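To start, the structure itself, in structure tokens.
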Amino acid sequence: MRYLNLFSVVFGTVFLLSFCCSKKESLKDIRLLDFQPKSMLVVKETKVEKAKFPAIDAHNHLRGIVNSDEDVANYVRIMDECNVQMVVNLDGGWGESLDKHLKRLKEPYPDRFIVYARIDFSKIDAPDFPQYAANQLEESIKKGVQGLKISKSLGLRVKEADGKYLRVDTPKLDPVWEVCGKSGIPVTIHVADPLAFFTPLDGFNERLEEVLDHPDWMFNKPEYYSVDELMEQRNRIIERHPNTNFIGAHVGGMVENLELAAEWLDKYPNLYYDTCARIHELGRQPYSTRKFLIKYADRILFGTDGCSDGAINANMFHLNWRFYETDDEYFDVSKAHHYQGRWMVYGVFLPDDVLEKIYNLNAKKLYPGL
């Protein structure tokens, strides 16, 4: 019996070690999607439901709610609850679309929304396109438009007849930039995309999960302009049109390199940035971000990039307030926009004078009629 018990102990130990080793080996092969570590940190959590100062969301997409008066009314209610004074809607477009956006937003709430126009690129190869686009924008301004949105399609999607992507600095758009300068409306321009979208799709890509879900966001192919070239094209139009104010969407498309983003602000006095959909990246470099936002407090506009899917999301605003106003550590802001990468963020607790400029004062300087 004694030998039997000894055998049982030895066998059990061997089995347990074998099982543990087997489990350990299998965990080395765990799928990326299944690896969801839970932080053991015990850190402060500050709930901020109202902005410290009335905020102007200078970058939002409201195409998902303009089909319903009820949705718009609900959104205004959330704006009131979150202390959002005004929202810039970039989705006006042109023609009937613009008329609908103006009717749903500006007519019932003239002091709560700014509506942007867009350019119709479907006639890009027509000989009269430059004048057509300029005339179309002038008509939109007469209707009440207070800004022009240029999406990343310029440089990455729109092609000319020869099959090449339309350059950001194409002379065909010079008359449009001139109209903006003369009328005093800003141009919110989104050029390129996060730097990881231009790097190989491999295990080193910091946004691997995001681009696997959105393969059309990868621009690391020879057919596309490089990030450097796209930014050089954009900067040439900013330099060429000094009387036109340009708002570089997403921290000017260079949130991963704030030193370079700062160089551009120093070089181009008519360039501003909005922070929309980039608190994820800003918050993982809180020291650099805080210095950057304080130094360039007169050139930065708050934005969220929210609501394009029709979701009416107060939490989107709450997470932004927490980032800008608190010194909270290591928290998740993915629900302020969408999942972007495997990192947490840190609040930058901006001084009141900087916070007020970013939340509203800078926008009031840029938009006509505010």
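Points worth noting:
- Mean ellipticity per residue at 222 nm, deg cm²/dmol - from DSSP H runs of n ≥ 4 across the chain, formula -39500 (n - 2.57): -11500 deg cm²/dmol
- Among the chymotrypsin sites (Phe, Trp or Tyr not before Pro) within segment 54-122, not one is in coil by DSSP while having at most 11 neighbouring Cβ atoms inside 10 Å.
- Shape call, segment 44-99: gyration tensor on alpha carbons, a/c limit 1.5: prolate
- Charge dipole (segment 44-366, unit charges on Cβ, about Cα centre) - positive-most of SER151, ALA117, ASN315: ALA117
- Taking the DSSP beta bridges with both ends in the chain, the antiparallel portion is around 10 percent.
- For the residue pairs LYS291/LYS357; LYS52/LYS357; LYS267/LYS364, the C-alpha atoms sit more than 19 angstrom apart in LYS267/LYS364.
- With Cα atoms, 0 to 90° folded angle of helix 314-325 axis to the chain main axis: 90
- Extension gain (nm, one decimal) between LEU361 and ILE312, 0.36 nm per residue minus Cα-Cα: 15.1 nm
- Filtered chymotrypsin sites (Phe, Trp or Tyr not before Pro), segment 202-304: DSSP coil and at most 15 other beta carbons within 10 Å: PHE204
- Other residues lying with their Cβ under 12 Å from the Cβ of ASP352 contribute a combined charge of -1, Lys and Arg counting +1, Asp and Glu -1.
- Taking a Cβ cut-off of under 11 Å around LEU282, the surrounding Lys, Arg, Asp and Glu residues balance to a net charge of +1, with basic ones at +1 and acidic ones at -1.
- With the simple spin-label model, which puts each label point 7 Å out from Cα in the Cβ direction, the ASP162 to LEU195 separation comes to 3.1 nm.
- Neighbour counts of other Cβ atoms within 10 Å put SER226, SER39 in the fewest-to-most order SER39, SER226.
- Net length gained if the chain between GLU70 and ARG342 were fully extended (0.36 nm per residue, minus Cα distance): 94.3 nm
- If the segment from TYR109 to LEU27 were pulled out straight at 0.36 nm per residue, it would be longer than the present Cα-Cα gap by 23.9 nm.
- FRET E, pair SER288, LYS38, Förster distance 30 Å, beta-carbon r, rounded to 0.05: 0.60
- Here's the picture: a label point sits 7 Å out from the Cα of SER183 along the beta-carbon direction, and within segment 237-255 the residues with their amide nitrogen under 19 Å of it are 238, 241-248.
- Mean-square fluctuations from a GNM of the chain, with a 10 angstrom spring cutoff on Cα atoms, peak among ALA277, ALA262, ALA126 at ALA126.
- The GNM of the chain, with springs linking C-alpha atoms under 10 angstrom apart, assigns the highest mean-square fluctuation among ASP327, ASP228, ASP91 to ASP228.
- Within straight-line cross-link reach of LYS221, lysines at Cα separation under 27 Å, skipping those fewer than 8 residues along the same chain: LYS123, LYS149, LYS152, LYS159, LYS164, LYS172
- In loop segments of segment 119-176 as defined by DSSP, the GluC sites (Glu not before Pro) with at most 14 further C-beta atoms inside 10 Å of their C-beta are GLU160.
Every read-out reported here was derived from the displayed coordinates using simple, explicitly stated rules and does not represent laboratory data. Just so it is clear, the structure is predicted and the values come from calculations on it, not from any experiment. Note: ideal-geometry Cβ built from the backbone for every residue, glycine included; neighbour counts use all protein chains shown.
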